[in-house]
Amino acid sequence: MSQLAILPVRNARITAGYKNAAYFKGMGFHHFGIDMTDKDRIHFNLAAPFDLEIIAFGNDRLMGNTIIARSTGLVDIHYGPKKGSQKLVLRMAHLGVIGNKVKVGAKFKRGDYLGQYGSTGKYGGARHLHVELDADIRWPLYSPTLSGHSNIWKAGSDTTINPMDCFKVDGHQSLWYSRNSGDWLDVSADATTLNHDRMAVIAKPYL
Ligand SMILES: [Zn+2]
């Protein structure tokens, strides 16, 4: 039995999509994750999207305050090439606060507080969470986002999945997308998922 993930931000507003072409044109590098904020950009808390164990954390000079974790059990992936259930690696960047219970080896349950998103790191920009999910759990620190090693994140090959093929909207959550992000996201791929009854949830535009 695999676990149904939740959104790491309770009322999540997607601002940039996975492997988005306009993002690549604008930023000059590919986007191997999803960017999100709180709908009203006033609640910054981050929840563990599934039961997990901390692999690494701290301040990365490129990616800012970072938490890298591995699921402790199988997680449901409802869409895409990795559809099924498997263990996953979670990488979160640009955090403003890393929760004080976050230590290497510490275990968290789905929904537990991990910290707050922020704008730390070279590409932190406006406060947001950058989140990646990796289907290869053997090399948690290695991400295709980097072209060279940093102090925590390392440059690796692409075994990522679209986080929104895994993150789902539980009964206390809601899903939105930034109308101002224009073509930096594809609503059908980046802002559409399921709830915990496996019914489709399509994000609504907001600000
Ligand atoms: Zn990002």
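Here ALA12 does not fit the description of being closer than 19 Å to ALA203 by Cβ, touching a Cys at 6+ places or on another chain (Cβ under 7 Å) and crowded, with 24+ Cβ neighbours inside 10 Å. The requirement of being more than 16 Å from the ligand (Cβ to nearest atom), surrounded by 22 or more Cβ atoms within 10 Å (Cβ to Cβ) and under 16 Å from the mean Cα position of the chain (by Cα) is satisfied by ILE6.
The set of residues from region 103-130 being part of a loop (DSSP other than H, G, I, E, B), of a type in the set (A, V, I, L, M, F, W, C) and buried (at least 20 other Cβ atoms within 10 Å of the Cβ) is empty. Could you tell me whether any residue of region 95-113 is under 25 Å from TRP184 (Cβ atoms) and of a type in the set (Lys, Arg)? No; the residues of region 95-113 include none that is under 25 Å from TRP184 (Cβ atoms) and of a type in the set (Lys, Arg).
Could you please let me know if TYR123 is among the aromatic types (Phe, Trp, Tyr), modelled with pLDDT of 95 or more and within 12 Å of the ligand (Cβ to nearest atom)? Considered against the rule, which asks whether it is among the aromatic types (Phe, Trp, Tyr), modelled with pLDDT of 95 or more and within 12 Å of the ligand (Cβ to nearest atom), TYR123 comes out as no. Might you let me know whether region 92-100 holds any residue that is in contact (Cβ under 8 Å) with a residue 24 or more places away in the chain, more than 21 Å from ALA47 (Cβ to Cβ) and more than 13 Å from the ligand (Cβ to nearest atom)? Checked against the condition, which is being in contact (Cβ under 8 Å) with a residue 24 or more places away in the chain, more than 21 Å from ALA47 (Cβ to Cβ) and more than 13 Å from the ligand (Cβ to nearest atom), region 92-100 yields no hits at all. Given the criteria over 15 Å from the mean Cα position of the chain (by Cα), touching a residue at least 40 places away in the same chain (Cβ under 8 Å) and over 20 Å from TYR23 (Cβ atoms), does ASP136 qualify? Taking the combined requirement at face value, the residue satisfies it. Only one entry in ASP35, ASP60 is of a type in the set (Asp, Glu), more than 13 Å from the ligand (Cβ to nearest atom), closer than 22 Å to SER71 by Cα and out of contact with any Cys (no Cβ under 8 Å at 6 or more places or on another chain), namely ASP60.
Scanning region 170-190 for residues that are among the aliphatic types (A, V, I, L, M) and surrounded by 23 or more Cβ atoms within 10 Å (Cβ to Cβ), we see that the one that is farthest from VAL201 (Cα to Cα) is LEU185.
Taken across region 132-152, residues that are touching a helix residue (DSSP H, G or I) at 6+ places or on another chain (Cβ under 8 Å) and modelled with pLDDT under 95 do not occur at all.
The values are calculated or read from the model by the stated rules, or taken from the named source; none is laboratory data. Because the structure is predicted, anything quoted here is derived from the model rather than measured. Note that we place each Cβ from the backbone using ideal geometry, even for glycine, and neighbour counts take in every protein chain shown.
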